[in-house]
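Presented below is the structure to which this report refers.
Just so it is clear, none of the values below were taken in a lab; they were calculated from the coordinates. Since we're looking at a predicted model, the values are computed, not measured. So basically every Cβ, Gly included, is an ideal-geometry build from the backbone, and we count neighbours across all protein chains shown.
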């Protein structure tokens, strides 16, 4: 940490993200778990289930997109002022491969955080039962800070 950097209470940061996540119906619907939180970075996981599949039994692209959006969004939240939340204004995702079973992990990272716009990326990885990891999707996202209303 540089001498001018403000120390970060990572426990408070995790609690902030967890409290916001708990308010999201989409998180609960998909069965998403919070794996890690650090300033500018959040990792989430979603297990394989019928809730996240498409007609051929693989993870649905919409579920992958939602997971990437949520991971990027919460990475942005870690750098937003305490009185603010964030909302996505756009994202672009590239699907790299389809998978069945196991679970998906998405790591969102802040690329640039300004007062009016925050840009993030997210990488979605498939984790097989044997621990093998494979790239699944990549996303870039733009978010805006908005006043917290709860």
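Quick notes on this structure:
- Residues 9, 69 in ascending order of nearby Cβ atoms (within 10 Å, fewest first): 9, 69.
- Acute angle (nearest 10 degrees) that the helix 10-22 long axis makes with the longest principal axis of the chain, alpha-carbon atoms: 60 degrees
- Helix 61-77 vs. the chain, principal-axis angle (Cα, 0 to 90°, nearest 10): 20 degrees
- The convex hull defined by the C-alpha atoms of the chain has an orientation-averaged projected area of 9.4 nm².
- In this calculation the C-beta distance from residue 149 to residue 96 is compared with R0 = 35 Å, giving a FRET efficiency of 0.45.
- Between residue 19 and residue 49, the contour length at 0.36 nm per residue exceeds the Cα-Cα span by 8.4 nm.
- Distance between the C-alpha centres of segment 36-80 and segment 109-149: 8 Å, rounded to the whole angstrom.
- Here, segment 87-150 is characterised by an Rg to Rh ratio of 1.10, where Rg is the alpha-carbon radius of gyration and Rh the Kirkwood radius.
- The slack in the chain from residue 10 to residue 87, taken as 0.36 nm per residue of separation less the alpha-carbon distance, amounts to 25.5 nm.
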